[in-house]
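Just so it is clear, none of the values below were taken in a lab; they were calculated from the coordinates. Bear in mind that the values here come from a model prediction, so they are computed numbers and not experimental data. A quick note on method: Cβ atoms are made from the backbone with ideal geometry, for glycine too, and the neighbour counts reach across all protein chains shown.
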Amino acid sequence: VYFSRSGYPVDPTDPEYEQKSAFGRTHPIVAYLRKSKAGHKKSLLGDSDESEEKLPPKENKESEDKEEGPVEYISYWKPNVTINLVDDFTRYA
């Protein structure tokens, strides 16, 4: 995002550019999170007791993480970016 005073150019290569009249900021709009693991699934239509019997008992969580190998990350778009410009010229002693 770039801001400049009215009538002043934002481009630093412009001969009329003034550093005090324009500024810009960057903010990432993509978040990288770990890929979710296939967890315990439960049938919402069937009997919950039957689904638990079919699945093998869970072992230690740490041993499962080590056996899987490298961690995979997935990129997610952030749904919004909020930009607030505060114009305050209060002078303090």
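Using a simple spin-label model with pseudo-atoms 7 Å out from Cα toward Cβ, Arg25 and Ser4 lie 2.0 nm apart. Listed values for region 70-83 are Karplus-derived 3J(HN,Hα) couplings in whole Hz (6.51 cos²θ - 1.76 cosθ + 1.60, θ = phi - 60°), namely x, 7, 9, 10, 10, 8, 10, 6, 7, x, 7, 10, 9, 10, and x replaces Gly and Pro.
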